[in-house]
Amino acid sequence: MSETTARPGRGRRIAVILLLIFACVLAPLSVIAVWTRNTLLDTNQYVDTVSPLAKNPAIIDAAATNITNSLVSSTNVEARVKKALPPKADFVAPAVARSLQTVVHDLAVRVLSSDQFQTLWDRANRRAHDQVEAVLTGNSGRAITTKSGEVAVNLGPVVDRVKQRLEGLGINVFSDSSSERVSPRFVLFQSDDLKSAQSAVDLLQKLAIVLPILMLACFAGAIVLSPNRRRTTLRAGLAFAFSMLVLLTLFNLGRAAYLNAVTSPDLPRDAAAAAYDQLLSFLRLAGRSLLALGVVVAIGAWLAGPSHGAARVRSLVRGGEGTKLATEGFAGWVARSRTGLRITFVALGALVLVTRSHPKPVTVLIITLLVLAAIALTELLSRTSSEPAGST
């Protein structure tokens, strides 16, 4: 379609603009909805997502401190040390108690760093996922209770292993402390505001399939209605990328606010940050991938345009001075259908990225390259011979 197409009616222009705006509003909502359903509210995916935290040094140190404090607080260590020492040596009891606390912490770190803890962590988080559902959906029908929107992992089994290590060293001062009585809990996530989002979460999980389809339909409708489809495709790509940029920016701003709210002696800032970043890792990856896809679409639409720069790039790719659209055979069909083909390729790529639970970086790269290659191939097939740059 020529860039000099007659100016469309006002109503048609407004419809195109509104569809693009609506699509850009739906884009981040679609990403969040799919992530909510496939990660937060799916037990297996949730466990897989937080599983790497078992190897995170900040999480290990915070959990070890939690276990140490729980054991020490459950036993009057200093009093028991004084009782075991001769009366004239009881003045060293405070120093011995502090040394014991250091030993307990170091042993806890060793246990938490072992391969066995990975299994315990995954099992504990599988049980803790009931708390996630209770906090986010308000469904606590399985005797699950939450406190201030907390999602906590029970570290009782780790306490038993630490005690075994201590007894192996001849330290029996904690022999009366059972894991059931100590019952250390490591708060992984906490926010009073999570409960207020229950209605939104319920709606998002119900619309996790509808929103992406509606978003793509709005983009497609805007392009179909537009008298200059190539330019609208370019603007749609840029607008889509911008919506993902806004989403990623909000996550970064929310991160700082969240960490300021939850940081405490029981949940150090670096541990809270590790948990936040890990839980949102796939959400951020999806946002970045879709941002890149939007930029790729915009570049593809620009390359298909009549500007001197785009024509020069096409000429360099084909090795000639310029090209014109084919009119016959398969190349002619591609030339006449290239707008629809571009929409199809982009829609398929976006749909795959949005609907996949956890697209890996390699998957994202492959899909992006395939979309770009398909758009480039469409452009190459639709042009045949030299002509001055001007039509598209």
Counting Lys and Arg as +1 and Asp and Glu as -1 over every other residue whose Cβ sits under 14 Å from the Cβ of residue 18, the net charge comes to +4
Can you tally the net charge around residue 29? Count Lys and Arg as +1, Asp and Glu as -1, for every other residue whose Cβ sits under 15 Å from the Cβ of residue 29. +1
Formal net charge of residues neighbouring residue 48 (Cβ-Cβ distance under 11 Å; K, R +1; D, E -1): -1
In whole Hz and in residue order, list the ³J(HN,Hα) couplings for the range 61-66 that follow from phi through the Karplus curve 6.51 cos²θ - 1.76 cosθ + 1.60, θ = phi - 60°; x for Gly and Pro. 5, 5, 5, 5, 5, 4
Using each residue's phi in the range 279-288, evaluate 6.51 cos²θ - 1.76 cosθ + 1.60 at θ = phi - 60° and report the 3J(HN,Hα) Karplus result to the nearest Hz, with x for Gly and Pro. 4, 9, 4, 6, 5, 5, 4, 5, x, 5
Going by accessible area, probe 1.4 Å, with all protein chains left in place, what is the ranking of 115, 160, 122, largest first? 115, 160, 122
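Keeping every protein chain in place, order 302, 35, 121 by accessible area at 1.4 Å, biggest value first, i.e. largest first. The partial results should precede the final answer.
Values: 302 105, 35 35, 121 0 Å².
Accessible-area ranking of 302, 35, 121, largest first: 302, 35, 121.
Hey, can you rank 276-286, 330-340 by average C-beta count inside 10 Å, highest first? Numbers along the way, then the final one.
Numbers: 276-286: 18.2, 330-340: 16.1.
Put in order of decreasing packing, that is 276-286, 330-340.
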Nonlocal amide H pairs with residue 188, under 5 Å, H built at 1.01 Å: 151, 152, 153
Averaged per residue, what accessible area in Å² does the range 189-274 show with a 1.4 Å probe, protein chains only? 51 Å²
At 1.4 Å probe size, what's the solvent-accessible area of residue 343? Round to the nearest 10 Å². 40 Å²
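Determine the share of the range 15-60's accessible area contributed by carbon and sulfur atoms, expressed in whole percent, with a 1.4 angstrom probe. If you can, show how the numbers build up before the last one.
On the way: 1200 of 1690 Å².
With neighbouring chains kept in place, the figure for the range 15-60 is 71 percent.
The values are calculated or read from the model by the stated rules, or taken from the named source; none is laboratory data. Everything numeric here is computed off the predicted structure, so don't read it as measured data. Heads up, the Cβs are rebuilt from the backbone with ideal geometry, glycines too, and the neighbour counts pull from every protein chain shown. The accessibility values were calculated without ligands, DNA or RNA, using every heavy atom of the protein model including side chains. Shrake-Rupley method; radii C 1.70, N 1.55, O 1.52, S 1.80 Å.
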